[in-house]
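> There's a structure below that I have some questions on.
Rule-based calculations on the coordinates, nothing more; no lab input. Fair warning: this is a prediction, and the values are worked out from it, not measured in the lab. Every residue, glycine as well, gets a Cβ built from its backbone with ideal geometry; the counts of neighbours run over all protein chains shown.
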Amino acid sequence: MTTETQLREAITRFGRSLFERGLTPGSSGNLSVRTPDGHILCTPTNVSLGFLDPARLSRLDSEGNWLDGDKPTKEVFLHRAMYRGNPASQAVAHLHSTYSVCLSCQGDRNPEDMLKPMTPYVVMRVGAVAGVPYHRPGDDSLAPEIERLAARYSGIIIGNHGPLVAGKSLKDAVFSIEELEEAAKLEYLMHDRNPQRLDEKEVSELKAQFRFLRGN
Ligand SMILES: [Zn+2]
């Protein structure tokens with residue numbers, strides 16, 4: 001069993017790694033994880049993922065009440081909606097990573113399947129990716145839609161904003177959002193190069209073999 005102290009250190013370490021590789025700028029992005037006693041540990045508001053203090057992470061109860069640590073991110077309602085939608089989710093990552101943000105600004109994508117994969121890895125990690133329309137940052141009227149989708153999707157792209165990914169552990173959520181970013185980068189680099197994509201049979205084989213959280 002992972003202790004809360006280990007989870008605090010893991011959030012800090014993954015946050016620094018994501019920030020240092022340019023995967024979320026400034027004070028954007030947030031990470032959360034369920035603790036062994038049923039609380040939620042998340043990154044505070046207005047803090048860079050690159051400079052987190054493990055002792056000052058925000059701790060919330062299962063109802064979302066702020067217990068201690070610094071004030072939680074304004075986007076914690078997105079994380080809570082992911083947990084409510086799929087009780088198997090143990091951690092959630094949200095970034096403003098450039099290529100996923102590019103994808104989030106393309107209005108012509110199918111909201112039930114935002115990516116037609118070129119490589120297997122996003123399918124193995126995330127499965128199909130859903131899309132939701134733009135909402136003003138902090139507008140929690142988006143929560144019911146996220147909760148509804150989280151029952152079937154572990155990856156959601158928020159319009160004109162960025163990706164939100166749940167995982168069976170913090171490491172899984174982080175690796176999964178990184179795979180989603182890589183897939184979005186390939187979309188950007190290959191869009192006018194006639195990419196050879198995986199066909200439906202290849203995608204369904206992967207989904208059948210690698211089912212973690214998602215129902216899709
Ligand atoms: Zn955000």
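> Once you place label points 7 Å from the Cα toward the Cβ at ARG21 and LEU67, how far apart are they in nm?
Output for this residue pair reads 3.1 nm.
> Across the range 4-209, how many lysine pairs, 8 or more apart or on two chains, come within less than 17 Å at their alpha-carbon atoms? Before the final figure, lay out the partial values.
Values: LYS116/LYS185; LYS116/LYS201; LYS116/LYS207; LYS168/LYS207.
Value for the range 4-209: 4.
> Taking the Cα centre of the range 4-209 as origin, sum charge times position over the Cβ atoms of Lys and Arg (+1) and Asp and Glu (-1), and report the length of that vector in debye to the nearest 20. Can you show the working numbers first?
Values: 24 positive and 28 negative charges, 35 e Å.
My answer is approximately 160 debye.
> Further question: Taking +1 at the Cβ of each Lys and Arg and -1 at the Cβ of each Asp and Glu, which of GLY159, ALA184, PRO111 sits farthest along the dipole of the chain towards its positive end, judged by Cα position relative to the Cα centre?
Working it through, the farthest residue towards the positive pole turns out to be ALA184.
> A follow-up question, please. Which loop GluC sites (Glu not before Pro) in the range 17-77, with loop taken from DSSP, have no more than 10 other Cβ atoms within 10 angstrom of their Cβ? Please report the intermediate quantities before stating the final value.
Values: sites: GLU20, GLU63, GLU75; in loops: GLU63, GLU75.
Those satisfying the criteria are GLU63.
> OK, next. Assign unit charges at the C-beta atoms only (+1 for Lys and Arg, -1 for Asp and Glu), then state the dipole size of the range 1-103 relative to its Cα centre in Debye, rounded to the nearest 20.
Details: 11 positive and 10 negative charges, 46 e Å.
Charge dipole of the range 1-103: 220 debye, to the nearest 20.
> Sum -39500 (n - 2.57) across every DSSP H segment of at least 4 residues in the chain, then divide by the residue count to get the 222 nm mean residue ellipticity, nearest 500. Can you show the working numbers first?
On the way: 7 runs with 78 residues, N = 216.
So the helix-based figure for the chain works out to -11000 deg cm²/dmol.
> When the distances between all Cα atoms of the chain are binned every 5 Å from zero, what whole-number percent does each bin get?
Here the calculated profile for the chain is 1, 8, 16, 21, 21, 16, 9, 5, 2, 1, 0.
> While we're looking at this one, here's another question. Tell me the label-point distance for the pair ARG56, CYS102, using the 7 Å Cα-to-Cβ offset, in nm and rounded to one decimal.
Here the answer is 3.5 nm between the modelled labels.
> Could you order the peptides 77-86, 186-195 from most to least packed, using the average number of other C-beta atoms within 10 Å per residue?
On the way: 77-86: 23.1, 186-195: 12.0.
Top of the packing list down: 77-86, 186-195.
> At ALA151 and PHE210, where each label point lies 7 Å from the Cα along Cα→Cβ, what is the point-to-point distance in nanometres?
2.6 nm
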